[in-house]
1. Probe radius 1.4 Å, ligands and nucleic acids ignored: give me the carbon and sulfur share of the accessible area of segment 73-121 as a rounded percent.
2. How large is log10 I(q)/I(0) at q = 0.27 Å⁻¹ when the Debye formula is applied to the Cα atoms of segment 219-261, each weighted equally and without solvent?
3. In the structure shown, do any of LYS83/LYS136; LYS85/LYS212; LYS65/LYS97; LYS65/LYS212; LYS85/LYS111; LYS94/LYS212 have a Cα-Cα gap over 21 Å, and if so which?
4. Let me know the shape class of segment 10-57, please: from the alpha-carbon gyration tensor, a ≥ b ≥ c as square roots of the eigenvalues, rounded when a/c is under 1.5, otherwise prolate if a/b is greater than b/c, or oblate.
5. Given Cα positions, please report Rg to Rh for segment 57-149, the hydrodynamic radius being the Kirkwood one.
6. On the full set of protein chains, 1.4 Å probe, figure out the accessible area of SER264 and give it in Å² to the nearest 10.
7. Tell me the net charge near GLN229. Cut-off is 14 Å between Cβ atoms, GLN229 excluded, with +1 for each Lys or Arg and -1 for each Asp or Glu.
8. Under unit Cβ charges (Lys, Arg +1; Asp, Glu -1), what dipole magnitude, rounded to 20 debye, does segment 22-101 have relative to its Cα centre?
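The values are calculated or read from the model by the stated rules, or taken from the named source; none is laboratory data. Please read all numbers here as calculations on a predicted model, not as lab measurements. As a convention, Cβ positions derive from the backbone with ideal geometry for all residues, glycine included, and neighbour counts pool all protein chains shown. Heads up: the accessible areas ignore ligands, DNA and RNA and are worked out on the full protein's heavy atoms, side chains in. Shrake-Rupley method; radii C 1.70, N 1.55, O 1.52, S 1.80 Å.
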Amino acid sequence: MATNIGMMDGAYFVGRSEILAWINSTLQLHLNKVEEACSGAVHCQLMDAAHPGMVPMHKVNFDAKSEYEMIQNYKVLQDVFNKLKITKHIEVTKLVKGRPLDNLEFMQWMKRYCDSINGCTNYNALERREACKGGKEVSKRAAQSQSSAKGTAASQRAHSSHNARRNDVQPSGNSTNQSVKASRPSSSGGPAPPAHDEQITELKLSVDSLEKERDFYFAKLRDIEILCQTPEIEHLSVVAAIQKILYATDDDATVVAEAQAILSAPSKEAEPSSPIAEHLSPIAEASDEKASSETQKRKAIKNHDVDAAATATLSPRQRVSDASDVHCSGSPLITC
C-alpha cells in the first residue's frame, strides 16, 4: 500500500504540473498552485472520490480561510484515515502555512494512494461538493475560470491567425518596421506570464528545501555541542579539539591543524592523578616499607655474627685487657 512508501519512491518525483492536472481533472477545479489546496478540503474530496461515501462531505469547508477552520478539515481527513486504518502522518501545522514543498509532498502521496486503489473513477465532483460549505461558490469560480481560459486561448489563436494574414498582405518593404515593433517589449502593465509564475514557484520550493537542510544540520551540531558539555567527558582532549572546530568563527584551515595539535599534545600531567595510580600507590608504599625493614634485619644479623666471630678469635689475655679497658673507661664502681 501507499501508506508505507519512502521518500525515495517514484511518487515523490511527480512534477507540480502533473499533480495540478490530476486534481483539476478529478475534482473539476481550476487550481493554479498546489498550495491553494492547503485548507484540507481538496484532500477530503480526493478521499471521497477514492472511497465514495466514506467522507462526511457536509463537515468539509471549502471556504476555510483561518488556520482554525483548516484544522477542522484535517480532523475530518484524520477520522477517515483512522476508519481506513491508514497510518500516514498528517503534518497539519506545516500544511496550513501554505508552504509549497510540504503541500506538494503530501499531494504526491495522495496521488500515489488514489492510483494504488484505482479510485477516483466515475466520480461526480460537482454534485458531492454541493453538500460542503462554500462548495457551490468554488464550483462557480472554477467554471468561470475554465470558460475565461478557453476564451483567452480562442482569442489568442484568432489574433495570431489575423496577424499572419496581415503579414501576408503587407508589402515586403514594411518587414523592417514589423521586426522593430515585434522586438519592442510590451509597455502595458498586464499580468506576469505563466513562465514567471513557474519560476517563482520553483524558487520557493528550492528555498524550502534549503531551509529544511539547514535546520537538519544545525540540529546535529547542537546535539554534538550538548554531548561535549557532559561533565564526564568535557575534560578530554578530543572534546577540546571538537569544540575548537565547532566554535571557530573564520573559515580557516589552521583551525583543523590546531585541533590536531590538541590531540597530539602529551598528557604527562594527567598520569599521576589517574585513578589506577591512586589505587596502586598504597600497595607500592607498603611493599617499600617491608623491603626496607627486611634489609635492616639482615644487616643486624650480619653485624652480630661478625662480632661473635671476632670475639672467638681473640686470645684470653686480649679478652682480659679488653675487659679492663671497659672497667677503666669511666665506670663509677671500679677503679683501675
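1. C and S atoms contribute 46 percent here.
2. -0.96
3. Distance filter (> 21 Å) returns LYS83/LYS136; LYS85/LYS212; LYS65/LYS212.
4. It comes out prolate by the Cα gyration axes.
5. 0.97
6. 90 Å²
7. Neighbourhood net charge equals -3.
8. Computed about the Cα centre, the dipole is about 240 debye.
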